[in-house]
Amino acid sequence: MRASVATIAAGMLVACSSPQNVLNPRGPAASSIAQLWWVMFALATLVCVIVTILLLVGMMHARRRERGRRATEVSGRALVVGGGVAIPAVILFGLLVYNFRVGVAVYAPTAAADDALTIEVVGHQFWWEVRYPQSEIVTANEIRIPAGEQVRFVLHAPDVIHSFWVPQLHGKLDMIPGRRHTIYMEAGSPGMFRGQCAEYCGMGHALMAFWVEALPPEEFESWIADRRAAALEEAADTSGQEIFVRAGCAQCHGTQGRLETGTVRAGPDLAGLANRRRIAAGTLVNGREQLRRWIEDPQQIKPGSLMPPSVLDPQEMEALLDYLQSRP
Ligand code: CUA
């Protein structure tokens, strides 16, 4: 018993400090949503306590009646109409109005949104393409944003329905094939926030995670400038690059990080791969060994992944890893 209480308490503590906790909001929209949650929780608790007390009182009265004593009778109809219909109707209607107001407010752009930074996020089975159309760069699975600014996210999906969710910054929004949805998100201060696909989209769904990193605005600007410079830099011819093409990697992956309208890639762009914290949409910590395991047998690591295994001799593999880890 003591052990299970300790386990639950530890779980709750982990949940509080985790980077994906709705109740630890880090932006204005998420704060409104967390507040809504607490109001609903408080009201539900209050109702639960009152109903429990009434139930206990009722049981005590029934026992007294059994003993032959006369119980004080409360009009049954008043109790049913008042406690069972009128009070719940008032509470539920109040919550409905509050919920609706919060929903409208958090999904509406503010006045500053007109010249907001736009980031297009495309949900793929099972990874996230991240486009910065104003800077003409593209990356994957890690989204950098400036802290303290409202950012416009335009969401879509070419294959099946995914759902974009960064619990510490905002509510969920579905990504529906054939549609484009917009959500405005703001991180109040710099930090790392975990996001997760929140709509079952196939075998790799649970391993379809991403990170949003809010940077101080000047750091964000210099990151954008670096990515732009890398996107324009011509790649030097190396044996690794030749293997990348010969092994078929280039059919699905770009390595330039340059956003070209009209090109649709089946896999993430790998420019700047060495600087990413994780690979395979949050599944593995980024490192040479993990990258090797991933290239050799993606299904082992992420069942359902659309990436096929690659059979390379050890020398070729080393050259390929060198190439991937050196992409600026
Ligand atoms: Cu994408 Cu679930």
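The values are calculated or read from the model by the stated rules, or taken from the named source; none is laboratory data. Just so we're clear, the structure is a prediction, and the values are computed from it rather than from any experiment. Backbone-built Cβ (ideal geometry, glycine too); neighbour counts: all protein chains shown. Quick note on the areas: whole protein, heavy atoms, side chains included, nothing else; ligands and nucleic acids left out. Shrake-Rupley method; radii C 1.70, N 1.55, O 1.52, S 1.80 Å.
One table, with the values for the structure above:
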{"quantity": "Looking only at region 189-202, and only at residues there that are surrounded by fewer than 20 Cβ atoms within 10 Å (Cβ to Cβ) and within 10 Å of the ligand (Cβ to nearest atom), the one that is nearest to residue 301 (Cα to Cα)", "calculated": "202"}
{"quantity": "Which numbered condition residue 149 fails, given (1) farther than 30 Å from residue 253 by Cα; (2) without any contact (Cβ under 8 Å) to a residue 24 or more places away in the chain", "calculated": "(2)"}
{"quantity": "Count of residues meeting criterion [open to solvent by 10 Å² or more (accessible area, probe 1.4 Å), within 16 Å of the ligand (Cβ to nearest atom) and under 13 Å from residue 166 (Cβ atoms)] in region 204-222", "calculated": "1"}
{"quantity": "Filter pass, residue 167 being more than 14 Å from the chain's Cα centre (by Cα) and outside any strand (DSSP E or B)", "calculated": "no"}
{"quantity": "Evaluation of residue 250 against (1) within 27 Å of the chain's Cα centre (by Cα); (2) part of a helix (DSSP H, G or I); (3) more than 25 Å from residue 144 (Cβ to Cβ); (4) not β-branched (Val, Ile, Thr) (one fails), failing number", "calculated": "(1)"}
{"quantity": "Residue in region 306-322 that is open to solvent by less than 80 Å² (accessible area, probe 1.4 Å), in contact (Cβ under 8 Å) with a residue 12 or more places away in the chain and of a type in the set (Gly, Ala, Ser) present", "calculated": "yes"}
{"quantity": "Region 173-188, residues that are within 16 Å of the ligand (Cβ to nearest atom), charged (D, E, K, R) and out of contact with any Ser or Thr (no Cβ under 6 Å at 6 or more places or on another chain)", "calculated": "179"}
{"quantity": "Verdict on residue 227 being away from the ligand (no atom under 13 Å from the Cβ), more than 26 Å from residue 25 (Cβ to Cβ) and not small (Gly, Ala, Ser)", "calculated": "yes"}
{"quantity": "The lone exception for residue 250 - which of (1) within 22 Å of residue 278 (Cα to Cα); (2) buried (at least 21 other Cβ atoms within 10 Å of the Cβ); (3) not acidic (Asp, Glu) it fails", "calculated": "(2)"}
{"quantity": "Pair list, Cβ under 7 Å, 6 or more apart: region 223-239 residue open to solvent by less than 40 Å² (accessible area, probe 1.4 Å), other residue of a type in the set (S, T, N, Q) and assigned to a helix (DSSP H, G or I)", "calculated": "235/241"}
{"quantity": "Given (1) in a helix (DSSP H, G or I); (2) within 21 Å of residue 137 (Cβ to Cβ); (3) among the charged types (D, E, K, R), index of the condition residue 292 fails", "calculated": "(2)"}
{"quantity": "Residues located in region 127-172, provided they are open to solvent by less than 10 Å² (accessible area, probe 1.4 Å), within 16 Å of the ligand (Cβ to nearest atom) and farther than 19 Å from residue 109 by Cβ", "calculated": "128, 130, 140, 157, 162, 163, 167"}
